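The values are calculated or read from the model by the stated rules, or taken from the named source; none is laboratory data. Keep in mind the model is a prediction, meaning the values are calculated, not measured. Virtual Cβ from ideal backbone geometry, glycine too; neighbours counted across all protein chains shown.
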Amino acid sequence: MDYNKYFQKFKGETLTVADAANALAALRLGPTVITPAAYTLLDDTTVAAMRATLLLESMALLAAANIDTPMTFTGGAAAAAVLQRFGASITEGFEIRAIDETTAVLDSLHTDLTENVPAGAVILSVQANIETAVTGGSTTTKIGIGEEADPDKYGLSADLAKNTKIDTIPDWAVVADAEDIKVNACADAGTDGDTKLTVGTVRVRIIYAVPVSLDDAA
C-alpha cells in the first residue's frame, strides 16, 4: 500500500471509506511509511494543514459509516510534539502535546528533561519506564517523576529494575508556572534519596493540553 498518495492534494476529491481508513493508517504510522518525496513540492505549513484536514475528514467519514476509529499516536520527542489540534488554523486553538524523552545515562540526584510543561497547561498523564536498570544505593531505592521540590509528584517506581513502570493520571489542574519535571533519586517514601542515580536510563512520556491564542483578525 502506497500511503504517500493520501498526502497529495486531495481537495475537490471525494474520499471513500477505504480512502479514509488508509489515510488514518498513514497518520498512525507517520514517517515510517510517508517518504519526504511525497512532500517535495509542498512547504511544511501546507503539509501540516493537509494532515489536519485529512484527519478530520477521514474520521468524520468513518464515523458516518459507523466504523470505529481508534487512534494510536506515536508522536512525541524531547521537544513537545502536537498530537491533536482543535482550531481554525494550525497556529491557534487547543492542542494536545506529548513530551517523550529517554534520558542519557543517569548520573545525578535530579535529571532534568529537555523541555518544561508550559504555564497554562493541564497535565493529562505522566508515564515512565526504566529502559535499562538503574543503580542507586543507601536510601535511594526508587525513581520519582516530579519537580525537584516534590520528587514523586507524578509517580514513584516500585524499584530500580529494568522495565519498572510509572503510570499516573494526576488531578487535573492548570499549571500556574512552567513545570520543570525531572527524574529523581528517591527513598521508599518518595522523599529525596541520599545517593545519586547512575548507570541506567529512563523514558518519560508526558501528555498535556494547552490553549494557543487565536489568530489575529485580518
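Being under 30 Å from Asp215 (Cβ atoms) and under 19 Å from the mean Cα position of the chain (by Cα) is true for just one of Glu147, Glu95. Which residue is that?
Glu95
Gly76 is checked against (1) among the small types (Gly, Ala, Ser); (2) crowded, with 17+ Cβ neighbours inside 10 Å; (3) modelled with pLDDT of 95 or more and fails just one. What number does that condition carry?
Only one criterion in (1) among the small types (Gly, Ala, Ser); (2) crowded, with 17+ Cβ neighbours inside 10 Å; (3) modelled with pLDDT of 95 or more is unmet by Gly76, namely (3).
Could we say that Asp100 is of a type in the set (D, E, K, R) and either without any contact (Cβ under 8 Å) to a residue 24 or more places away in the chain or surrounded by fewer than 15 Cβ atoms within 10 Å (Cβ to Cβ) (or both) here?
no
Would it be correct to say that Asp152 is of a type outside the set (A, V, I, L, M), in a loop (DSSP other than H, G, I, E, B) and under 12 Å from His110 (Cα atoms)? Spell out how you get there, then give the answer.
Values: of a type outside the set (A, V, I, L, M): yes; in a loop (DSSP other than H, G, I, E, B): yes; under 12 Å from His110 (Cα atoms): yes.
For Asp152, the condition - of a type outside the set (A, V, I, L, M), in a loop (DSSP other than H, G, I, E, B) and under 12 Å from His110 (Cα atoms) - is met.
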